[in-house]
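What follows draws every value from the coordinates through simple rules; no lab data is involved. Just so it is clear, the model here is predicted, and its values are computed rather than measured. Heads up, the Cβs are rebuilt from the backbone with ideal geometry, glycines too, and the neighbour counts pull from every protein chain shown.
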Amino acid sequence: MFDPFGDFATAGYLQNVRKDKDPRDIKRFEHDLFEANIDTALAHLAAVEVIGYQDFLEVHRILFEDYYPWAGQDRSVTMPDRSVNKGGVVLFALPGSARLAVEEGLRLGRDQATMVSRPGEVMGFFAYGHPFLDGNGRTMLLVHMELCHRAGFSIAWGQTDKADYLAALTQEIDAPAAGLLDAYLLKFKAPRRARGTWGAEIQAMRGLDGLDDENEVDGDLADPAIVEKYRLHALQRGYAYAETKTLAEQWGAAPSKGPCVGKIVALSEREVIQDAGRGKFIAWERRNLNDTALAVGMNVTIHGSGRVEPQQRARDSLGQ
């Protein structure tokens with residue numbers, strides 16, 4: 001059983017509020033929540049002028065917050081220091097890059113001509129980003145359907161074959177922009193359908209999470225072998241979007257102006273991104289910080305002078 005928090009025995013699967021452990025109970029309750037909340041999630045997407053990453057997170061929150069306390073938070077928050085795969089074969093983006101992959105899919109999907117001709121490529125980036133510990137398939141399906149609708153068409157998902165779709169999706173993750181999933185999905189291209197019909201169509205589908213095998217923790221990002229494994233996979237994918245944006249641009253982070261308390265959510269040789277809470281992120285120039293022993297997931301206070309303190313140490317200093 002996928003247990004990234006290490007507390008399955010006491011908290012159940014992914015710390016769900018009912019402490020469920022039986023996969024049948026888990027999937028049944030997830031499906032019930034999905035059915036109950038799908039209209040609210042679709043209404044949110046329909047009301048948004050430009051769908052962004054925060055809307056992707058919001059759809060997940062709407063669907064699953066009654067079951068998972070972490071719903072709407074991506075892996076940079078829930079599992080920042082480890083990689084994840086599916087079935088021991090499919091590698092997903094590292095936690096700090098999940099947002100970048102999803103945003104690339106959203107960027108492509110917002111262009112009508114691109115969405116019409118390359119719907120599989122868009123879906124492939126969502127799948128590769130895999131930002132959540134569970135519920136990725138349902139979330140990305142709703143966003144994808146809305147993007148198709150805005151581009152003037154739909155995918156007849158009820159006519160697709162699950163095994164064929166999953167095979168094409170797996171290939172797309174390893175070879176983005178090669179047209180592999182496009183070729184499959186375009187066979188089921190259909191006229192645009194009224195939003196009011198989507199709920200029944202989606203609920204009748206099976207295997208919404210795609211890539212049916214269970215998530216697995218692939219390894220600790222402090223392990224050089226794991227880092228090298230993902231570096232080679234990125235080279236194999238051959239997609240250079242990660243080089244087109246700074247971390248600050250990827251996270252929509254504001255420049256640092258003073259002390260900030262929060263978790264480090266992304267690092268590069270040049271930048272440190274800190275979660276300041278309430279959806280706000282702060283970008284620091286790494287060369288200006290006096291502590292080089294930083295890691296994703298650390299809770300720190302970063303002062304305007306560049307001094308970095310673990311939060312506990314900072315609280316102790318303030319109490320003296």
If you build a Gaussian network model of the chain, linking Cα atoms that sit under 10 Å apart, which residue out of ALA177, ALA194, ALA293 swings the most? ALA293
When the helices in the chain are scored as -39500 (n - 2.57) per DSSP H run of 4 or longer and the sum is shared across all residues, what 222 nm value do you end up with, to the nearest 500 deg cm²/dmol? -13000 deg cm²/dmol
Explain nothing, just the number: relative contact order of the chain, from Cα pairs under 8 Å at least 6 residues apart, as a whole percent. 15 percent
Is there a pair in LYS19/LYS280; LYS162/LYS189; LYS229/LYS257; LYS86/LYS280 whose C-alpha atoms are over 26 Å apart, and which pairs would that be? LYS19/LYS280; LYS229/LYS257; LYS86/LYS280
Are there any trypsin sites (Lys or Arg not before Pro) in the stretch 1-93 that are in a DSSP loop and have at most 16 other Cβ atoms within 10 Å? List them by number. ARG18, LYS19, LYS21
Please work out which option in (1) 19.1, 61; (2) 20.1, 68; (3) 23.4, 76 gives Rg and Dmax of the Cα atoms in Å calculated from these coordinates, and answer with its label. (2)
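Treating only the Cβ atoms of Lys and Arg (+1) and Asp and Glu (-1) as charged, compute the dipole magnitude of the chain about its Cα centre; round to the nearest 20 debye. Present the calculation step by step, with values, prior to reporting the outcome.
On the way: 37 positive and 46 negative charges, 145 e Å.
For the chain, the charge dipole is close to 700 debye.
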Cubic angstrom per residue, convex hull over Cα atoms of the stretch 251-319: 84 Å³
